[in-house]
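Participant: Take a look at this one; I'll ask things after.
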Amino acid sequence: MELLQNFSLKNYNTFGIDALAKEFIAVHSVNELKTVLKENASKTKFILGGGSNMLLTKDIDALVIHVDLKGKKIVREDENHVWVESQAGENWHEFVLWTIDQNFGGLENLSLIPGNVGTTPVQNIGAYGTEIKDTFDSCQAMEISTQKMKTFSHSECNFGYRESIFKQEAKDQYIITSVVFKLTKKNHIIKTSYGDIIAELSNQNVAEPTLKDVSNAVIAIRKSKLPDPKELGNSGSFFKNPIVLKSDFEKIHANFPEMKFYEVSATEVKVPAGWLIEQAGFKGKRFGDAGIHKNQALVLVNYGNATGQEILAVSKDIQQTVFEKFGIHIEAEVNVI
Ligand code: EPU
């Protein structure tokens with residue numbers, strides 16, 4: 001383990017923002033993590049996983065701990081299911097492909113999401129009709145103040161739409177070190193009803209899709225809409241899709257009858273923020289090196305040398321314009337640091 005000073009985080013956040021960490025250390029095991037936390041008890045700490053869901057708007061005046069724990073294994077199985085454990089630092093998409101290669105079902109719709117396994121429960125990542133909470137079994141986490149390990153069960157995580165206990169009561173108190181998923185060994189539940197998956201599969205002439213077929217379809221759809229962070233800095237959806245009371249929505253909808261929406265409960269609807277942002281005129285726009293992606297208005301991009309402040313300013317402009325036009329507040333999904 002090497003403690004580095006004034007270390008650029010450009011390659012450690014998918015937005016590619018060139019912010020500096022006052023101090024930086026990568027840890028490769030639970031024991032190393034324990035040692036670093038103990039030896040630096042008095043310092044302000046900042047925990048960094050895959051850096052795929054944050055916007056750095058300033059240098060980090062803290063000890064940045066990069067969780068780089070690797071390894072994955074089967075921990076239990078019965079006739080129908082397998083429990084697979086992955087360490088927090090494994091790349092999410094590589095882990096998903098590994099499960100599919102072994103014909104374990106449940107993660108295929110979550111193919112090609114950037115980031116590491118350890119951060120997936122934090123915001124309950126989701127795409128194409130699946131969320132992590134559908135297969136999550138439990139996770140292990142180290143309490144920062146005591147270095148004690150704790151297992152969080154599914155119910156303790158309080159999962160919601162891009163939400164969990166790790167963004168609420170447990171925020172900044174724990175470091176997730178590994179996650180266990182319960183996956184199917186047979187009778188896989190193939191979910192193709194969301195959005196473009198069926199169309200993509202029929203394009204490929206697939207009538208009875210396997211896990212791999214679904215994964216390939218999701219990969220093709222994501223590639224067509226979402227920029228690859230290696231080519232164009234971004235953090236996926238910058239905003240959450242807003243949830244609006246039906247009573248308010250009906251008034252808004254009367255003025256904008258073409259507005260898309262999905263029912264989420266008897267009293268609430270979800271409105272696609274991408275649609276609102278596109279209608280507000282931002283899709284594909286560029287302001288210096290900060291911009292809004294041309295194929296998916298929910299994604300803000302860094303064309304090269306944008307600062308976090310510049311991207312933040314664009315996001316505020318979008319929020320304000322959307323609010324003025326529709327009376328709907330859209331909230332950031334990424335963590336603004
Ligand atoms: N739309 C537009 N214009 C746009 C983008 C979208 O009109 O520029 C409309 C689409 O036509 C569609 C609707 O908005 O009717 C929904 O679009 P899409 O299916 O692309 O999904 P989304 O709601 O914009 C969410 C997730 C994505 C996830 C996709 C697919 C959130 C905040 N985002 O986006 O997650 O990949 O569904 O399941 O819930 C992420 O969280 O980083 C992410 C990429």
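The values are calculated or read from the model by the stated rules, or taken from the named source; none is laboratory data. Just so it is clear, the structure is predicted and the values come from calculations on it, not from any experiment. Every residue, glycine as well, gets a Cβ built from its backbone with ideal geometry; the counts of neighbours run over all protein chains shown.
Participant: Kindly provide the set of residues from segment 322-336 that are surrounded by 16 or more Cβ atoms within 10 Å (Cβ to Cβ) and within 23 Å of F15 (Cβ to Cβ), ordered by number. Before the answer, list the steps.
Facilitator: At the first step, the residues of segment 322-336 found to be surrounded by 16 or more Cβ atoms within 10 Å (Cβ to Cβ) are 322, 326, 328, 330, 332-334.
Matches in segment 322-336: V322, I330, A332, E333, V334.
Participant: Follow-up question, since we're still on this one. Starting from residues that are hydrophobic (A, V, I, L, M, F, W, C) and more than 13 Å from the ligand (Cβ to nearest atom), keep the ones in segment 225-247 and report whichever is nearest to F15 (Cα to Cα).
Facilitator: Going through segment 225-247, the residues hydrophobic (A, V, I, L, M, F, W, C) turn out to be 226, 232, 238-239, 243-245.
Those still in the list that are more than 13 Å from the ligand (Cβ to nearest atom) too: 232, 244-245.
Numbers: L232: 8, V244: 29, L245: 33 Å.
Checked segment 225-247; the qualifying residue nearest to F15 (Cα to Cα) is L232.
Participant: Also, quick follow-up: With the structure loaded, tell me whether V84 is within 13 Å of the ligand (Cβ to nearest atom), surrounded by 24 or more Cβ atoms within 10 Å (Cβ to Cβ), of a type in the set (V, I, T) and over 22 Å from Y194 (Cβ atoms) or whether it fails that test. Steps first, answer last, please.
Facilitator: Details: within 13 Å of the ligand (Cβ to nearest atom): no; surrounded by 24 or more Cβ atoms within 10 Å (Cβ to Cβ): yes; of a type in the set (V, I, T): yes; over 22 Å from Y194 (Cβ atoms): yes.
Judged against the criteria, V84 is not a match.
Participant: How about segment 286-312: which of its residues are at negative phi, over 22 Å from the mean Cα position of the chain (by Cα) and assigned to a loop (DSSP other than H, G, I, E, B)?
Facilitator: D289, N305, listed by residue number.
Participant: Taking segment 28-45 only, how many residues are out of contact with any Lys or Arg (no Cβ under 9 Å at 6 or more places or on another chain) and surrounded by 21 or more Cβ atoms within 10 Å (Cβ to Cβ)?
Facilitator: Counting residues in segment 28-45 that are out of contact with any Lys or Arg (no Cβ under 9 Å at 6 or more places or on another chain) and surrounded by 21 or more Cβ atoms within 10 Å (Cβ to Cβ) gives 1.
Participant: While we're on this one: Name the single residue that is surrounded by the fewest Cβ atoms within 10 Å (Cβ to Cβ) among those in segment 97-139 being within 13 Å of the ligand (Cβ to nearest atom) and small (G, A, S).
Facilitator: Only one residue fits best here, namely G129.
Participant: So S315 fits all but one of (1) assigned to a loop (DSSP other than H, G, I, E, B); (2) within 14 Å of the ligand (Cβ to nearest atom); (3) on the phi < 0 side of the Ramachandran plot; what number is the exception?
Facilitator: (1)
Participant: Now a separate question. Give, as residue ranges, the strands (runs of 3 or more DSSP E) completely inside segment 1-78 that count at least 2 residues that are of a type in the set (A, V, I, L, M). Write out each step before concluding.
Facilitator: Working: elements: 4-8, 20-27, 45-48, 60-67, 72-77.
Passing ranges, in order: 20-27, 45-48, 60-67, 72-77.
Participant: For segment 253-278, enumerate the residues that are closer than 17 Å to Q320 by Cα and crowded, with 18+ Cβ neighbours inside 10 Å.
Facilitator: To start, the set of residues in segment 253-278 that are closer than 17 Å to Q320 by Cα comprises 271-278.
The answer is V271, A273, G274, W275, L276, I277.
Participant: Okay, moving on. Restricted to segment 205-238, and to residues that are without any contact (Cβ under 8 Å) to a residue 60 or more places away in the chain and touching a Leu at 6+ places or on another chain (Cβ under 6 Å), which residue is nearest to W92 (Cα to Cα)?
Facilitator: A217
Participant: So the check is Cβ under 8 Å with 6+ separation or different chains; which pairs have a first residue in segment 190-204 that's hydroxyl-bearing (S, T, Y) and a second one that's modelled with pLDDT of 90 or more and surrounded by fewer than 16 Cβ atoms within 10 Å (Cβ to Cβ)?
Facilitator: Taking only residues 6 or more apart or on different chains, the pairs are T192/I198; S193/G129; Y194/G129.
Participant: Residues being surrounded by fewer than 14 Cβ atoms within 10 Å (Cβ to Cβ) and either more than 16 Å from the ligand (Cβ to nearest atom) or within 19 Å of the chain's Cα centre (by Cα) (or both): count how many of those fall in segment 196-224.
Facilitator: Final tally of qualifying residues: 8.
Participant: Right, K185: charged (D, E, K, R), surrounded by fewer than 18 Cβ atoms within 10 Å (Cβ to Cβ) and within 16 Å of the ligand (Cβ to nearest atom) or not? Talk me through it step by step, then tell me what you get.
Facilitator: Numbers: charged (D, E, K, R): yes; surrounded by fewer than 18 Cβ atoms within 10 Å (Cβ to Cβ): yes; within 16 Å of the ligand (Cβ to nearest atom): no.
Taking the combined requirement at face value, the residue does not satisfy it.
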